[in-house]
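Taking it in order: structure first as structure tokens, then the write-up.
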Amino acid sequence: MVNKDVPAKPLIIWLGTNTCAGDMLSLLNAKDPGYQELISSIAELRFDYLLGASEGSDAINVLDDLQKNHKAAYILVVEGSIPTRSNGLYSVIGYRNGKAWTALQAVRELGAEARYVVAAGTCAAFGGIYAAAPNPSKCVSLQAVLDRKVINVPGCPINPEWMMGTLNHLIQYGEPALDDYSRPKLFYGETIHNLCQRRDYFDNSIFAVKPGEPWCMYKIGCKGPVTYADCPVRQWNGEHLSWPVKANTPCIGCASPEFPDGDVPFFEHLPDVKLPGIKVTANRVGLLTGAVTVLGIGAHLMGSILTGRLRKH
């Protein structure tokens, strides 16, 4: 006889805080495995703020049950940043015992009992759009309000496979290898610049002067040199058809910790790059990434660097 209190499949809570819902909508476009396979064969999506059929107290009761009876048995996925002003009243999950249950309270309580906590999208991972200046609701990242590890899967929105791959890895193998920003190295292990199909144009100083031209868009604002994601090789649109640069528009760095404030203006040359304890100009970053990559692509670029060609252009 099966114990009804023991879930047959891993449990997932997908909680929405201050969000546009773009990350869940993006996940619905996953192909292999797809969303239907995720919820029918891989895991049980016990709560979903956007797609759930229950509402009101019925929905809150689901979360109460998970927190009380399935400790360390569920994966908490949070989409959106967490407002902290006015004790979090800028985002209310629902009403509990007649009182507003804020996103700030919910993520702290549910996060404390979760097996894994995953930040879906840049807003949850780093604050993102809702934490952009002047940030009237005092939004912060998920990690900023939790005293435990958060696995960050940034993007605005996420590529469906980044989240699907992360969830599958957690279920099948446990926590994936993470970088210094707690992002899975599977998807965020290399810069867009180094993976870009237009990298040869950069190496040969062939730059676009306006969007729509087929050359390297570094000079018109592409944030590829400072953005870690595999967009150029994974691509988007379900069938891996395209991505921003292939569609003749610069990368705006939506998966980066500094997005959006640190990446604007989007269509202007990169500002200085500011990292903890370091300040490097974007031109220098281009030279450094070129110098590193030259070890793998031969002596041609090294000659360009030594003769000052890249610095000149």
Residue satisfying condition, being open to solvent by 30 Å² or more (accessible area, probe 1.4 Å), of a type outside the set (Ser, Thr, Tyr) and more than 18 Å from ALA120 (Cα to Cα), within set GLU44, GLU37: GLU37
Could you please find all residues in the stretch 199-218 being under 12 Å from THR249 (Cα atoms) and either assigned to a loop (DSSP other than H, G, I, E, B) or of a type outside the set (Phe, Trp, Tyr) (or both)? ALA208, VAL209, LYS210, PRO211, GLY212, GLU213, PRO214, TRP215, CYS216, MET217
Filter result (under 19 Å from TYR95 (Cα atoms) and under 24 Å from the mean Cα position of the chain (by Cα)) within the stretch 60-79: VAL78
Residues being touching a strand residue (DSSP E or B) at 6+ places or on another chain (Cβ under 8 Å) and surrounded by fewer than 13 Cβ atoms within 10 Å (Cβ to Cβ) - total across the stretch 180-215: 1
Name every residue in the stretch 9-34 that is open to solvent by less than 40 Å² (accessible area, probe 1.4 Å) and without any contact (Cβ under 8 Å) to a residue 40 or more places away in the chain, in order of residue number. GLY34
Between residues in the stretch 118-134 that are in contact (Cβ under 8 Å) with a residue 12 or more places away in the chain and residues that are of a type in the set (D, E, K, R) and open to solvent by 10 Å² or more (accessible area, probe 1.4 Å), which pairs lie under 6 Å by C-beta distance while being six or more apart or on different chains? ALA120/ASP23; GLY121/ASP23; ALA132/ASP261; ALA133/ASP261
Would it be correct to say that VAL233 is open to solvent by less than 30 Å² (accessible area, probe 1.4 Å) and either part of a helix (DSSP H, G or I) or free of Cβ contacts under 8 Å to residues at least 60 places away in the same chain (or both)? no
State all residues of the stretch 137-151 that are without any contact (Cβ under 8 Å) to a residue 60 or more places away in the chain, over 21 Å from ARG46 (Cα atoms) and in contact with a Pro (Cβ under 9 Å, 6 or more places away or on another chain); if no residue qualifies, say none. LYS138, VAL140
Subset of the stretch 176-198, residues in contact with a helix residue (DSSP H, G or I) (Cβ under 8 Å, 6 or more places away or on another chain), outside any helix (DSSP H, G or I), over 14 Å from PHE126 (Cβ atoms) and not hydroxyl-bearing (Ser, Thr, Tyr), comes to PRO176, ALA177, LEU178, PRO184, CYS196, GLN197
Those residues that are open to solvent by less than 40 Å² (accessible area, probe 1.4 Å) and in contact with a Leu (Cβ under 8 Å, 6 or more places away or on another chain), I need them from the stretch 94-114; list them, please. ALA100, THR102, ALA103, ALA106, VAL107, LEU110, GLY111, ALA114
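The values are calculated or read from the model by the stated rules, or taken from the named source; none is laboratory data. What you are looking at is a predicted structure, and each value in this text was computed from that prediction instead of being measured. Positions of Cβ are generated from backbone atoms using ideal geometry, with glycine treated the same way; all protein chains shown enter the neighbour counts. Just so you know, the surface numbers come from the protein's heavy atoms only, side chains and all, with ligands and any DNA or RNA stripped out. Shrake-Rupley method; radii C 1.70, N 1.55, O 1.52, S 1.80 Å.
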